[in-house]
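Peer 1: The structure under discussion is supplied below as structure tokens; questions concerning it will follow.
The values are calculated or read from the model by the stated rules, or taken from the named source; none is laboratory data. Quantities reported herein were computed from a predicted structural model and do not represent experimental measurements. Here the Cβ is made from the backbone with ideal geometry for all residues, glycine too, and neighbour counts use every protein chain on show. Each accessible area value is taken on the protein alone, full model and side chains, heavy atoms only, with ligands, DNA and RNA left out. Shrake-Rupley method; radii C 1.70, N 1.55, O 1.52, S 1.80 Å.
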Amino acid sequence: MKTTADPVRDYLAAVEREAGPLPADRRQELLADLAEHIEVTRAERPGVAVGTVLAELGDPRAIAATALAEAGERTTGAQAAGGAPAPARRGKVHPLVPLAMLTLSLPFVMVFPSLPGPLFGVLFRITGAVLLCTSVHWTAVQKSTGVLVTAVLPTAVIATWNLSSGGPSGGAPALAANLAMLALLTGAAAWLWRVRRP
């Protein structure tokens, strides 16, 4: 690899090389942000060596990998080596699986209120949340919203209901609360299904 007398230029060139799969505008934005950060850091800390500033930024490969992950590799117009369009990322788990697990977690508790129901409900909710978070079919914001609405909120409501002294363990109020929570879970799952990426 050729090096110049300017370590900042070499560093930015390495980032540009590693970030090649990014769209050109996103890659230029990344390089401009890095250059500005380096410039500001050097102005704020004039006694610090350039090598130290660059080391604090991290390895160019890691920066490029982070940028690619943030972009979600949604470079549909990007060209892979050989001139063919870049293949779309495919998830290992069908997007319906986490949604079904999160939605079905509550009916297990409703149908089997004794020991197996709550156990399966909790396992389904945890597994569904993990599968949702690791899926390639949703953005980070959609995943966070989905987990909050389908896993965290129902768990908090159920725990509050069960721990409150005035909360009855059965009857019409409990059924109404469970049905309302089921409607919320179903609505959130339908929204996640609608906004999913192929």
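Peer 1: Count the net charge of all other residues whose Cβ sits under 9 Å from the Cβ of Ala19, scoring Lys and Arg as +1 and Asp and Glu as -1.
Peer 2: On the way: positive: Arg17, Arg26, Arg27; negative: Glu16, Glu18.
Result for the local shell: +1.
Peer 1: Full extension from Ala55 to Asp10: what is 0.36 nm times the residue separation minus their Cα-Cα distance, to one decimal in nm?
Peer 2: Roughly 14.9 nm would be gained on extension.
Peer 1: For Val97 and Ala190 in one chain, what is 0.36 nm times their gap in residues minus the Cα-Cα distance, to one decimal in nm?
Peer 2: Values: separation 93, 0.36 × 93 = 33.48 nm, distance 1.27 nm.
Result: 32.2 nm gained on full extension.
Peer 1: Once the Cβ-Cβ distance between Leu175 and Val136 is put in as r, and R0 is 41 Å, what FRET efficiency do you end up with, to the nearest 0.05?
Peer 2: 0.60
Peer 1: Next up: Expressed in nm to one decimal, what extension gain is obtained for the pair Thr155 and Leu115 from 0.36 nm per residue of sequence separation less their Cα-Cα distance?
Peer 2: 12.7 nm
Peer 1: Further, regarding this structure: Keeping all protein chains in position, work out how much accessible area His137 exposes to a 1.4 Å probe, and write it in Å² to the nearest 10.
Peer 2: His137 exposes around 20 Å² with every protein chain in place.
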